[in-house]
Amino acid sequence: MTKTHEVYQSVPGILRPFKAYVQEAGLSDGDQIVYYGCPGTCTPFIELLGFVIRDIPVEQVFVPLLDETKARKMKQVPDVGMQVSNEAAVPDPDMVVLMGGLSMPNVPVTAEEAADLIRKYDPDLAGVCFMKMFEKAGWLDVLDFDLLIDANIDPVDVWK
């Protein structure tokens, strides 16, 4: 597959290409997008991604790490946004979104484990990370993303 490179900025630079990718994927009503990521740190970004596609009639599911026994449905909450719910889900993804937090040091997940899990389903594969984390961790040698969004959070200015 030929890869193209585009550069965007800020949060819309993450969300707009993701929404376009989902819209162009040809998913049908009720198809499932499953986000795999670290609890806490990846969850807010997953909820942002879910919010931007809230009008697309797909089921969205969050899986902490790669533990599908803990899968939860995502729901639109009025006046709040997209939220991970307590409602259990059974993953059967037509599209998988891997979050870069999975590739961070000290996270008990390997690229090979993620690849094995994805092979069970043969879905479209998107990745969302920051600061070239998938590249630094060697995940790009194992996984062939259909879409990879790699954002920078640098510098981070703090005033007191």
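What follows draws every value from the coordinates through simple rules; no lab data is involved. Quick caveat, the model's predicted, so the values are computed rather than measured. Neighbour counts are summed over all protein chains in view; Cβ atoms, including those assigned to glycine, are modelled from backbone coordinates with ideal geometry.
For an R0 of 35 angstrom, estimate the FRET efficiency from the Cβ-Cβ distance between residue 106 and residue 3 and round to the nearest 0.05. Working shown, then result.
Numbers: r = 30 Å, r/R0 = 0.85.
So the FRET efficiency works out to roughly 0.75.
Summing -39500 (n - 2.57) over the DSSP H runs of n ≥ 4 in the chain and dividing by its residue number, what mean residue ellipticity at 222 nm do you reach, to the nearest 500 deg cm²/dmol?
Numbers: 4 runs with 36 residues, N = 160.
Calculated mean residue ellipticity at 222 nm is -6500 deg cm²/dmol.
What list of ³J(HN,Hα) couplings, whole Hz, do you get for the range 147-160 from phi and the Karplus terms 6.51, -1.76, 1.60, once you set θ to phi - 60° and write x for glycine and proline?
After applying 6.51 cos²θ - 1.76 cosθ + 1.60, I find 9, 10, 9, 10, 9, 10, 10, 7, x, 10, 8, 10, 10, 10 Hz.
If you take the beta carbon distance between residue 120 and residue 56 as r and set R0 to 30 Å, what does 1/(1 + (r/R0)^6) give as a FRET efficiency, to the nearest 0.05? Show your work: numbers first, answer last.
Values: r = 24 Å, r/R0 = 0.79.
Efficiency computed from Cβ-Cβ geometry: 0.80.
Using Stokes-Einstein with the Kirkwood hydrodynamic radius over Cα pairs, what translational diffusion coefficient do you get for the range 31-151 at 25 °C and a viscosity of 0.890 mPa s, in µm²/s rounded to a whole number?
Working: Rh = 14.2 Å.
Rounded to a whole number, D works out at 172 µm²/s.
Place a point 7 Å from Cα of residue 11 in the direction of its Cβ. Which residues in the range 69-102 have their backbone N less than 11 Å from it?
The answer is none, because no backbone nitrogen lies closer than 11 Å to the label point.
Measuring from label point to label point, each 7 Å out along Cα→Cβ, what is the residue 113 to residue 79 span in nm?
My value for the distance between the label points is 4.1 nm.
For residue 158 and residue 92, what is the calculated FRET efficiency with R₀ set at 45 Å and r taken between the beta-carbons, to the nearest 0.05? Mind showing how you got there, number by number?
Details: r = 43 Å, r/R0 = 0.95.
Efficiency computed from Cβ-Cβ geometry: 0.55.
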